[in-house]
Amino acid sequence: MADDARHSPAGEGRLPDDAVKGADAAPPRGAWNLAATAVFRYREASIVIAGLLLVIYFQYSSAAFLSPANLENLVQFTATTAIIAAGEVMVLVCGELDLSVGMVYALAPFVMYFAMAGGAPPWLAVVAGLAAAALVGAINGFLTTLLRLPSFVTTLGMLFLINGFTLTISGGFPVQPLAGELFTQIFGGNPWAELAWALAIAIGLQFVLMKTRWGLHTVATGGNPTGAAEVGIKVRRIKTGNFILCSMLGGFAGMLDAFRIGSIDPLAGGSEIMFAAIASAVIGGTLLTGGLGTTVGAFLGALVLAILKDGFTLLGVSAFTFDMILGAAILATMTVNIHLSRLRDQGGG
């Protein structure tokens with residue numbers, strides 16, 4: 001005992017040589033976990049990896065996948081859905097849901113067209129279309145927050161109302177947008193311009209969510225509405241504002257597509273594009289329960305859906321099969337996101 005004490009000034013705490021060697025040669029599993037935590041602390045990481053793997057697979061299966069012509073198809077599949085998904089993220093994060101945005105996608109271009117037909121310059125006609133979309137969002141917000149109706153019910157009723165209204169004012173017939181070549185190219189005539197709009201909106205709203213008071217209040221409202229109200233956050237205003245924003249982005253996406261396609265169709269959009277936007281948001285890491293979301297992730301989710309849809313089209317896979325895979329992708333992604341959230345919480349990330 002005395003001899004041990006002479007070799008250990010503290011008298012205790014000295015590890016045997018074998019233990020020291022074991023500590024120095026820590027299992028590689030710890031380093032792997034550390035690296036994985038560093039990567040997956042970002043909610044977008046898993047969807048980026050999935051997207052890269054899909055690109056590799058489809059390019060290996062079909063050499064035409066990354067051809068310039070097919071890349072334009074990918075852009076067209078991605079941009080519109082990503083813009084609407086960004087708006088849906090803002091609504092979902094504050095704990096609500098907007099089912100009517102797909103019909104606003106069809107309504108706003110007709111308002112724009114009638115403004116142009118009445119002699120308004122194109123930019124003012126676009127403003128008119130956005131104003132009509134904002135009005136729809138304001139009504140959704142009013143009914144949901146002041147009358148305390150579930151947003152599912154509110155926006156479902158608005159979905160049918162807007163659809164009928166659009167068919168009535170259009171007579172059920174498509175029309176062509178009236179604008180010059182340069183304006184048309186900037187506002188969606190060029191598919192890469194539409195993608196630039198989608199990227200700018202995703203990055204801008206991500207900044208709003210993470211760095212501004214509005215974004216922080218949106219997250220707080222969705223995470224704990226009672227607590228948010230108790231600390232002075234105007235929950236009704238936050239929710240109504242995000243409903244307005246979502247509708248405006250739906251209308252803007254519809255106008256961009258009208259210029260890209262060269263036609264305004266009263267049957268365009270609808271529930272299909274709305275559900276695609278919600279799926280993009282969910283796949284990108286936004287929780288349906290509120291309090292957590294990412295518009296950049298929603299953009300990546302829309303891109304992954306576009307890759308899947310376009311890749312399966314090139315391979316001749318049935319659209320029915322695509323719907324099955326989409327459903328499985330949503331379930332798998334939500335499972336992974338929940339698991340990664342737990343890992344982040346355990347790791348303090």
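The values are calculated or read from the model by the stated rules, or taken from the named source; none is laboratory data. Just so it is clear, the structure is predicted and the values come from calculations on it, not from any experiment. Note: ideal-geometry Cβ built from the backbone for every residue, glycine included; neighbour counts use all protein chains shown.
Residue under question is Leu143, and the condition is that it be surrounded by 15 or more Cβ atoms within 10 Å (Cβ to Cβ) and either at pLDDT 95 or above or of a type outside the set (S, T, N, Q) (or both); does it hold?
Details: surrounded by 15 or more Cβ atoms within 10 Å (Cβ to Cβ): yes; either at pLDDT 95 or above or of a type outside the set (S, T, N, Q) (or both): yes.
So Leu143 passes the test.
Residues are listed down the side, and each one gets a yes or a no for (1) in a helix (DSSP H, G or I); (2) surrounded by 19 or more Cβ atoms within 10 Å (Cβ to Cβ):
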{"site": "Ala50", "(1), (2)": "yes, yes"}
{"site": "Val55", "(1), (2)": "yes, no"}
{"site": "Ala63", "(1), (2)": "no, no"}
{"site": "Thr80", "(1), (2)": "yes, yes"}
{"site": "Ala86", "(1), (2)": "yes, yes"}
{"site": "Val89", "(1), (2)": "yes, yes"}
{"site": "Leu107", "(1), (2)": "yes, yes"}
{"site": "Met116", "(1), (2)": "yes, yes"}
- Selected residue [free of Cβ contacts under 8 Å to residues at least 12 places away in the same chain and at negative phi] from Val153, Val175, Val136: Val153
- Quickly run through the range 188-217 and pick out the residues that are among the polar types (S, T, N, Q) and part of a helix (DSSP H, G or I). Gln206
- So which of Gly284, Gly316, Gly269, Gly297 is at pLDDT 90 or above and of a type in the set (Gly, Ala, Ser)? Gly297
- Task: Take the range 150-159 and flag every residue that is of a type outside the set (Phe, Trp, Tyr) and assigned to a helix (DSSP H, G or I).
- Result: Ser151, Val153, Thr154, Thr155, Leu156, Gly157, Met158, Leu159
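Being of a type in the set (A, V, I, L, M) and either in contact with a Lys or Arg (Cβ under 6 Å, 6 or more places away or on another chain) or within 25 Å of Ala253 (Cα to Cα) (or both): is that true of Leu53 here? Quick ask: steps written out before the conclusion?
Values: of a type in the set (A, V, I, L, M): yes; either in contact with a Lys or Arg (Cβ under 6 Å, 6 or more places away or on another chain) or within 25 Å of Ala253 (Cα to Cα) (or both): no.
Against the criterion (of a type in the set (A, V, I, L, M) and either in contact with a Lys or Arg (Cβ under 6 Å, 6 or more places away or on another chain) or within 25 Å of Ala253 (Cα to Cα) (or both)), Leu53 does not qualify.
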- Message: Among the listed residues Thr155, Thr212, Thr144, identify the single one that is under 24 Å from Gly293 (Cα atoms), touching an Asp or Glu at 6+ places or on another chain (Cβ under 6 Å) and not basic (Lys, Arg).
- Response: Thr155
- Message: Need the failing condition index for Gly95 against (1) touching a Lys or Arg at 6+ places or on another chain (Cβ under 8 Å); (2) in a helix (DSSP H, G or I); (3) not acidic (Asp, Glu), just the number.
- Response: (2)
- Note on the structure: Val104 meets each of (1) closer than 30 Å to Gly222 by Cα; (2) without any contact (Cβ under 8 Å) to a residue 60 or more places away in the chain with one exception, condition (2)
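How about the range 160-187: which of its residues are farther than 17 Å from Val111 by Cα and in a helix (DSSP H, G or I)? Can you show your working first?
Initially, the range 160-187 is screened for residues farther than 17 Å from Val111 by Cα, giving 160, 180-183, 185-186.
Result: Phe160, Glu181, Leu182, Phe183, Gln185, Ile186.
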- Query: Can you find a residue in the range 225-248 that is out of contact with any helix residue (DSSP H, G or I) (no Cβ under 9 Å at 6 or more places or on another chain) and either among the charged types (D, E, K, R) or on the phi > 0 side of the Ramachandran plot (or both)?
  - Reply: yes
